[in-house]
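Peer 1: Quick one: this structure, given as structure tokens, is what I'll be asking you about.
The values are calculated or read from the model by the stated rules, or taken from the named source; none is laboratory data. All values derive from a computational prediction rather than experimental measurement. Counting neighbours? That spans all protein chains shown, and the Cβs are built from the backbone with ideal geometry, glycine included. These accessible areas exclude ligands, DNA and RNA; they are computed on the full protein's heavy atoms, side chains included. Shrake-Rupley method; radii C 1.70, N 1.55, O 1.52, S 1.80 Å.
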Amino acid sequence: MQLQQLQYFVAVAETRHFTRAAEVVHVAQPSLSQQIKALERELGADLFLRARGNITLTDAGEALLPLARRILADADTARHEVLELAQLRRGRVRLGATPSLCTGLLPDVLRAFHDRYPGIQLLIEEGGSHDLVRELARGALDLALVVLPLPTASPALTTVELLREDLVVVSSPESSPPGGGRRAVRITDLEGERLVMFRHGYDLRELTVAACRSAGFEPDFAVEGGEMDAVLGFVRAGLGMAVVPRMVAARSGRGLRVTPLARPGLHRTIALAHRSDVAPPRAARELQRMLLER
């Protein structure tokens, strides 16, 4: 089994068309077809059902596809690791993080990393913890900042706790303050308040909704479905309140009233995760060190 054969197989699986796949991998269509047939002979199973104008994966093809993607991603990572020059003058880091961490934690750390290693390319992917865990597992990311506990059991990942962050309530200074203006509010004070809520799959959405339900009420949404910047903008416009991380409120607090939550409050635990079976590339390990020492 050759990496080139797996590359051709993935291209056909994604395009569902042999000619278009050949164009994607820059090879003649007959050569691509020959390599796919050679791969099928070696594996002893057909990978595609070939009907006129309709290419679909067989059960064997469905089983091979995630493995092939992971093998190709690992090979790409190895290639970049070997190509790195001395003193981290060249390379890349593929880092995943939740949008709130991209807003609050990462800017200062990434600036320090870029100042020290200007030749390292930083590729950032925003997403919820569930999506980032999946991307880590298939080899599309080197590191990810995720919220613990992980959405699903992930024995193939190593996590190191990075910080425990308080959540706060943000509202428009022109609207009525939460809790009647007290210096700190309880979750129960949000009952009956109109909330600006993040989209489904957002860690902060699940945490906030769970806290409200634990306090005995269903949250009332004025607007829902936004990312962090949109949620903060809606709050500034007076559409409702939102529960956000303290770091985000501190960095983006202009035009917002920030109210702490009374003890025990709400918190989230941030961890740095990477695959257990593959060591992160050298540049990623250096970024990992800077994040842990920040």
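Peer 1: Kindly indicate the residue of segment 48-68 that is in contact (Cβ under 8 Å) with a residue 24 or more places away in the chain and within 22 Å of GLN2 (Cβ to Cβ) and also surrounded by the fewest Cβ atoms within 10 Å (Cβ to Cβ) among those meeting that condition.
Peer 2: PRO66
Peer 1: Follow-up question, since we're still on this one. Only one of (1) surrounded by 17 or more Cβ atoms within 10 Å (Cβ to Cβ); (2) not in a helix (DSSP H, G or I) is not met by ILE71, so which one is it?
Peer 2: With (1) surrounded by 17 or more Cβ atoms within 10 Å (Cβ to Cβ); (2) not in a helix (DSSP H, G or I) applied to ILE71, the lone miss is (2).
Peer 1: (1) touching a helix residue (DSSP H, G or I) at 6+ places or on another chain (Cβ under 6 Å); (2) surrounded by 14 or more Cβ atoms within 10 Å (Cβ to Cβ); (3) on the phi < 0 side of the Ramachandran plot: which one isn't true of ARG294, the others all being true?
Peer 2: Among (1) touching a helix residue (DSSP H, G or I) at 6+ places or on another chain (Cβ under 6 Å); (2) surrounded by 14 or more Cβ atoms within 10 Å (Cβ to Cβ); (3) on the phi < 0 side of the Ramachandran plot, the lone unmet condition for ARG294 is (2).
Peer 1: Of the residues LEU232, LEU261, LEU239, LEU266, only one is under 22 Å from SER176 (Cβ atoms), open to solvent by 20 Å² or more (accessible area, probe 1.4 Å) and within 25 Å of the chain's Cα centre (by Cα); which?
Peer 2: LEU266
Peer 1: Look through segment 176-215, keep the residues that are over 31 Å from the mean Cα position of the chain (by Cα) and small (Gly, Ala, Ser), and return whichever of them is least open to solvent (accessible area, probe 1.4 Å).
Peer 2: Going through the qualifying residues, I end up with GLY179.
Peer 1: Would you confirm whether or not segment 155-162 contains a residue that is more than 15 Å from the chain's Cα centre (by Cα), closer than 25 Å to ILE71 by Cβ and either of a type in the set (Phe, Trp, Tyr) or outside any strand (DSSP E or B) (or both)?
Peer 2: yes
Peer 1: Would you point out which residue out of SER175, SER129, SER214 is of a type outside the set (A, V, I, L, M, F, W, C) and under 30 Å from GLN288 (Cα atoms)?
Peer 2: Sole residue among the options that is of a type outside the set (A, V, I, L, M, F, W, C) and under 30 Å from GLN288 (Cα atoms): SER129.
Peer 1: Going residue by residue through segment 109-126, is there one that turns out to be outside any helix (DSSP H, G or I), surrounded by fewer than 16 Cβ atoms within 10 Å (Cβ to Cβ) and modelled with pLDDT under 90?
Peer 2: yes
Peer 1: I need a count of the residues in segment 22-42 that are farther than 16 Å from GLN2 by Cβ and surrounded by 12 or more Cβ atoms within 10 Å (Cβ to Cβ).
Peer 2: 4
Peer 1: Residues to consider are VAL168, VAL133; find the one that is closer than 25 Å to CYS102 by Cα and touching a Lys or Arg at 6+ places or on another chain (Cβ under 7 Å).
Peer 2: Unique residue meeting the criteria: VAL168.
Peer 1: Please work out if ALA63 is of a type outside the set (Phe, Trp, Tyr) and closer than 20 Å to LEU143 by Cα.
Peer 2: No; evaluated as a whole, the condition is false for this residue.
Peer 1: What residue, of ARG134, ARG94, is open to solvent by less than 70 Å² (accessible area, probe 1.4 Å), basic (Lys, Arg) and under 26 Å from TYR202 (Cβ atoms)?
Peer 2: ARG94
Peer 1: With respect to ALA45, determine if the residue is outside any helix (DSSP H, G or I), open to solvent by 20 Å² or more (accessible area, probe 1.4 Å) and of a type in the set (Gly, Ala, Ser).
Peer 2: Yes.
Peer 1: So which of LEU157, LEU88, LEU105 ends up being at positive phi, open to solvent by less than 40 Å² (accessible area, probe 1.4 Å) and touching a residue at least 60 places away in the same chain (Cβ under 8 Å)?
Peer 2: The conditions single out LEU88.
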